[in-house]
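Visitor: Here's a structure for you.
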Amino acid sequence: MNLLLQKQRMGCMIVLLTIAQVTLAQSLPTSLRSLVPGETPAAANERQYLYAEFRDLYQDLRKEEKLDRRSTKKKIKKMRSYLEDEVFRHYDAKATLTDVFRSGSYNDATAASVMALALNEFEVDYDLYVDHFYVRLETDPDGKDIDVNYYVEEDITSEAKESFRSNYLILLGETLLPDLKERSPQDPFATFKEYYYNPSQALSLKQLGAYLQLRYAQVAYGEENFARSQSLLELAEGNDSRAAFLVFEKAVELASQPPPLQYESGSLDEMFAVWQANPDHATAPPAILRHFDEQQRIILATTDPGKTRNLLADYLERAPDGQTEWTSQMMQLQGLRMMEHYIAVGDLRAARLEAAELYQGFPEVSSYKQMLSNLIIAEVNKESLSGQAFKQRLLQLSGTYPFLLNSGQFANEGLREQALTIRDLYAGDRPDLALPAVEDFRRSVGRLSVNKIRSIWTLTAFYAASDYHFRIADYPGALRFIDEALSYAPNDPFLNHRRSVLVKYL
């Protein structure tokens, strides 16, 4: 298998696993996953540490500053004052988000991240921007913009911005666009906005997380840790689709060892000519595939994604006859890149359609079925349906994709909806409707293999039933439902404790 294609498949699966986990997450964990992406133990530990620190911060702001009782304008003022007095100690361009709490080191990007999460917690709207070399945060109380910036203000001048743009365009010409000077005249600022960040275009928190990874990657590059720089840029690409990441990836590639599959030299025309002359050439096909991937990534990051279709058609037309395996690799690589792009920009429907094309076109690749299943579930979750509407939507999609009926994740989502329905019916004192729902739930749970998710929903359903019977003083009934929940999760500490309490009422 082509190594580039294999790497892209693995990358897409990691992104899809993240989507599946986020659908079950709460507000702060979801935000931290955006700002600290990745599935390594180190990333998980960092998110856990930050979760505890932010919970403490929110508690202090409530207790000491009484923010829940303040007007929006007062919230912003008190929040800024507290962070600047108690949290942000000294400016460090290399600081990470964790450094803010461990040592008090901060910079414009990490401070804006902390401020943004605090504003989220206290329900204050804001906008985030990358303005050349710093992050700008704006709030709008009473129709009056308030900038919340953590950069040395005297350094934010028009001359400094112009210098940054000029330097970046030089880098762009040395990496992605070697023909930049020969191109038709264009406003340099327009080119800068297209290939870096548009200072007037607001970012989501997830996109801010991508920018944080870009900043960390630049620090790693300066330390000549190119492997770390590359891995950080890949994390950034999982959160956002932007040409800036490709620019720095190319810089890392040029600064480190050249890729082993890269053709010695020559233009694309020359590579195709060599391949046409010798259809069995060993290095030309992978070199052309890599060239194609670079070009399609530029298109995805800057213009209409549909243009990549024309690009693929052009490359396929120029290849020697009979290159079935190479054609398959090209088509799969494009499908994966398109799917990754649509996930990054939040268009799950388009991503699902790309996954469906991969699954239908290459059924022998089992991972494509899993990708499609994950995207269908993520898309349905995003629709925020519940009850019968949720069930009908899943059944509708299973008509188009019959394999969903045998999917563990499909079953998990159905189980979740059943458990929440049971909880709500008992909370509304409707045992007449809840009991049939419990029977349906029992049948469903028996078809699903034991896993952590199943345990969560069996606990939810049977504890809700037990709690209802406890409220009406039917203690034997309450105990029966706890015992039933324990039959699925015998080592659950909460259920065992609850059982020890109920036994005392008998």
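The values are calculated or read from the model by the stated rules, or taken from the named source; none is laboratory data. Predicted, not measured: the structure shown is a model, and the values here were computed from it. Methodologically, a virtual Cβ is constructed for each residue, glycine included, from the backbone with ideal geometry; neighbour enumeration extends over all protein chains shown. SASA here: full protein model, heavy atoms, side chains in, ligands and nucleic acids out. Shrake-Rupley method; radii C 1.70, N 1.55, O 1.52, S 1.80 Å.
Visitor: Taking all protein chains in place and a 1.4 Å probe, what share, in percent, of the accessible surface of the stretch 290-408 do carbon and sulfur account for?
Guide: Details: 2590 of 5380 Å².
C and S fraction of accessible area: 48 percent.
Visitor: Given the options Pro188, Ala251, Gln230, identify the residue whose Cα lies farthest towards the positive end of the charge dipole of the stretch 158-256 (+1 on Cβ of Lys, Arg; -1 on Cβ of Asp, Glu).
Guide: Result: Pro188.
Visitor: Taking 0.36 nm per residue of separation and subtracting the Cα-Cα distance, what length does fully extending Ser328 through Thr283 add?
Guide: Values: separation 45, 0.36 × 45 = 16.20 nm, distance 1.72 nm.
Full-extension gain reported as 14.5 nm.
Visitor: Another question about this same structure. Could you sort Ser229, Ser163 by their accessible area in this structure, using a 1.4 Å probe and putting the largest first?
Guide: Details: Ser229 0, Ser163 60 Å².
So, going from the largest accessible area down, we get Ser163, Ser229.
Visitor: Apply the Karplus curve 6.51 cos²θ - 1.76 cosθ + 1.60, θ = phi - 60°, to the phi angles in the stretch 163-177 and return the couplings in whole Hz, x for Gly and Pro.
Guide: Running phi through 6.51 cos²θ - 1.76 cosθ + 1.60 with θ = phi - 60° gives 5, 4, 4, 4, 5, 5, 5, 5, 4, 4, x, 7, 10, 6, 10 Hz.
Visitor: Quick one: what are the phi-derived ³J(HN,Hα) couplings along the stretch 366-374, Karplus 6.51/-1.76/1.60 with θ = phi - 60°, whole Hz, x for glycine and proline?
Guide: 5, 5, 5, 5, 5, 4, 4, 4, 4
Visitor: Over the alpha-carbon set of the stretch 158-256, divide Rg by the Kirkwood Rh and report the Rg/Rh ratio to two decimals. All intermediate terms of the calculation are to be shown ahead of the outcome.
Guide: Working: Rg = 13.6 Å, Rh = 14.1 Å.
Result for the stretch 158-256 is an Rg/Rh of 0.97.
Visitor: Follow-up question, since we're still on this one. Pairs Lys78/Lys206; Lys74/Lys206; Lys94/Lys307; Lys78/Lys193: which are spaced more than 30 Å apart, C-alpha to C-alpha?
Guide: On the way: Lys78/Lys206 26 Å; Lys74/Lys206 27 Å; Lys94/Lys307 38 Å; Lys78/Lys193 35 Å.
Result: Lys94/Lys307; Lys78/Lys193 exceed 30 Å.
Visitor: Once the piece of chain linking Tyr49 and Asn491 is laid out straight, how much longer is it, given 0.36 nm per residue of separation minus the C-alpha distance between them? Don't jump to the answer; show the numbers that get you there.
Guide: Details: separation 442, 0.36 × 442 = 159.12 nm, distance 2.67 nm.
This chain segment gains 156.5 nm when fully extended.
Visitor: Compute the distance in nm between two label points, each set 7 Å from the Cα along the Cα-to-Cβ direction, one at Glu383 and one at Val501.
Guide: Once both label points are built, they end up 3.8 nm from each other.
Visitor: Here is a further query. For Val135, list long-range residues whose amide hydrogen, built 1.01 Å from N in the peptide plane, is under 5 Å from its own amide hydrogen.
Guide: Ala109
Visitor: Using the heavy atoms of the protein chains and a 1.4 angstrom probe, tell me the accessible area per residue for the stretch 188-229 in square angstrom. Please report the intermediate quantities before stating the final value.
Guide: Working: 1760 Å² over 42 residues.
Ligands and nucleic acids excluded, the result is 42 Å² per residue.
Visitor: Another one. For Gln276 paired with Glu39, estimate the spin-label separation in nm (one decimal), with each label point 7 Å from Cα along the Cα-to-Cβ line.
Guide: Here the answer is 4.3 nm between the modelled labels.
Visitor: May I ask you to compute the full-extension gain from Asp56 to Leu435, defined as 0.36 nm times their residue separation minus their alpha-carbon distance, rounded to one decimal in nm? Before the final figure, lay out the partial values.
Guide: On the way: separation 379, 0.36 × 379 = 136.44 nm, distance 4.15 nm.
In short, 132.3 nm is gained.
Visitor: Could you give me the ³J(HN,Hα) list for the stretch 489-506, computed from phi with Karplus coefficients 6.51, -1.76, 1.60 and θ = phi - 60°, whole Hz, x at Gly and Pro?
Guide: Coupling constants for the stretch 489-506: 9, x, 9, 5, x, 5, 5, 5, 5, 4, 5, 5, 6, 5, 4, 5, 8, 7 Hz.
Visitor: Dividing the convex hull volume of the Cα atoms of the stretch 28-139 by its residue count, what figure in Å³ per residue is obtained?
Guide: Details: hull volume 11.3 nm³, N = 112.
Given the Cα convex hull of the stretch 28-139, per-residue volume reads 101 Å³.
Visitor: Counting only the heavy atoms of the protein chains, how much of Leu435 is accessible to a 1.4 Å probe, in Å² to the nearest 10?
Guide: 90 Å²
Visitor: Separate question: How big is the C-alpha Rg of the stretch 260-380 next to the rule-of-thumb value 2.2 N^0.38 Å, as a ratio?
Guide: On the way: Rg = 15.6 Å, N = 121, 2.2 N^0.38 = 13.6 Å.
For the stretch 260-380, the normalised Cα radius of gyration comes out at 1.15.
Visitor: Something else now. Over the stretch 28-139, with the other protein chains present, what is the accessible area per residue in square angstrom, probe 1.4 angstrom? Could you put the intermediate results ahead of the total?
Guide: Working: 5040 Å² over 112 residues.
Normalised by residue count, the accessible surface of the stretch 28-139 is 45 Å².
Visitor: If each of Asp125 and Asp424 carries a label point 7 Å out from its Cα toward its Cβ, how far apart are those two points in nm?
Guide: A separation of 2.8 nm, rounded to one decimal place.
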